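Step one of this worksheet: look at the structure below.
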Amino acid sequence: MGDSEKSSSNGLSYRDAGVDIDAGNALVDDIKPLVKATRRPGADSELGGFGGLFDLKAAGFTDPILVAANDGVGTKLALAVEADRHQTIGIDLVAMCVNDLIVQGAEPLFFLDYYACGKLDRRVAASVIAGIADGCLQAGAALIGGETAEMPGLYRDGDYDLAGFCVGAVERGQILPRSDIAAGDLLLGLASSGIHSNGFSLVRKILSVSGADLSGPAEFAAERSLGEVLMEPTRIYVRAVLSTLRRSDGVKALAHITGGGFTENIPRVLPDDLCARIDLDEIPYPDVFKWLSKTGGVEESEMLRTFNCGIGLVLVIAAEDRDEILTALREAGETPVEMGSLQPRADGEEQVIYANHLPGYDA
């Protein structure tokens, strides 16, 4: 037997190293119908090119400013793997990006994802990407591309990581926050669906300390498992907010309530000389947060700067436009909460002031 024959029979392949190119190609075929379903004006190219294309003119913009955002879903992924619940984590990924765009007044246009794993499991990957496509449909964004990376030795089998990238556009002159935010402006809140995608390192610590069973019924929602409640996907606020912005020019700013809660996210859209006064009695406080605070013995201030506590998006609005904006939000399917107002900020004063207490923390 010659040397060339020995090399052919004993040589290593990429598959031997743990990477299955054929499985990756098969996954692309699996998800093509999902991607096609997210097409929108401006995006109609096929999946599989080296880059995704988008036509701003076809999308109806005349003088647009592009806005970009990227994010992940943090350690909520660890619960998805532990509970083997992968169907909605992709919605979370899209939501964390598109909700960051809409608060600047931008319409999400297109989305790309990055999926990395140790060994590609087509069932899991297809389920995750189906969730991403679902999120894109909810947000009106086209899923125009992505990357699947199989990296044995870097990730353990069964583990995976996600990142999302979204680009939106807003017409020049309509960018939020506006410069005329003033004392007397009102704060409206839009309800969250639960924990969303922040604070899961604390959630997982509470689960570990308490020994709670993800597969067992939630003690505060017996008809659902604890894992199902904790994995409830992040709400996407795009359609309701875009509809409201088109009906009223009274929205001055928006804040996406993610990690940092009200305490750290609302100040991001306020001038330094104003503070937000929030009445915690007005906040719809979901039972999952009551369970977390009680089970983990978490202090109220820690809840308020870790979780959304029931409000996923806050609007700063002109007081004279209150009725018009409330009507627009309700007709868009929201149940807005009047949660406070802006007032002058004294020297050394915090930028978010709380009145009353969350349930379970009454003085």
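Just a few scattered comments:
- Within the range 167-191, being in a strand (DSSP E or B) and over 24 Å from residue 334 (Cα atoms) holds for 167, 171.
- The residue list 142, 133, 182 contains one member that is open to solvent by 20 Å² or more (accessible area, probe 1.4 Å) and either of a type in the set (A, V, I, L, M) or modelled with pLDDT of 95 or more (or both), which is 182.
Here's the yes/no breakdown for (1) part of a loop (DSSP other than H, G, I, E, B); (2) within 27 Å of residue 236 (Cα to Cα):
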| site | (1), (2) |
| --- | --- |
| 314 | no, yes |
| 321 | no, yes |
| 328 | no, yes |
| 334 | yes, yes |
| 338 | no, yes |
| 341 | no, yes |
| 348 | yes, no |
| 359 | yes, yes |
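- Scanning the range 108-160 for residues that are within 17 Å of residue 85 (Cα to Cα), aliphatic (A, V, I, L, M) and assigned to a helix (DSSP H, G or I) yields 124, 125, 126, 128, 129, 130, 132, 133.
Okay, residues lined up against (1) small (Gly, Ala, Ser); (2) farther than 29 Å from residue 228 by Cα; (3) in contact (Cβ under 8 Å) with a residue 40 or more places away in the chain:
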{"position": "53", "(1), (2), (3)": "no, yes, yes"}
{"position": "69", "(1), (2), (3)": "yes, no, yes"}
{"position": "82", "(1), (2), (3)": "no, no, yes"}
{"position": "94", "(1), (2), (3)": "no, no, yes"}
{"position": "109", "(1), (2), (3)": "no, yes, yes"}
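- Residues that are of a type in the set (A, V, I, L, M, F, W, C) and touching a residue at least 60 places away in the same chain (Cβ under 8 Å) within the range 112-131 comprise 112, 120, 125, 126, 129, 130, listed in sequence order.
- Considering only residues in the range 82-107 that are part of a helix (DSSP H, G or I) and at pLDDT below 95, the one that is surrounded by the fewest Cβ atoms within 10 Å (Cβ to Cβ) turns out to be 82.
The values are calculated or read from the model by the stated rules, or taken from the named source; none is laboratory data. Everything numeric in this text was worked out from a predicted model, so none of it was measured. Reconstructed Cβ throughout: ideal geometry from the backbone, glycine too, with neighbour counts over all protein chains shown. For the accessible areas, the whole protein counts, side chains as well, though only heavy atoms, and no ligand, DNA or RNA atoms are used. Shrake-Rupley method; radii C 1.70, N 1.55, O 1.52, S 1.80 Å.
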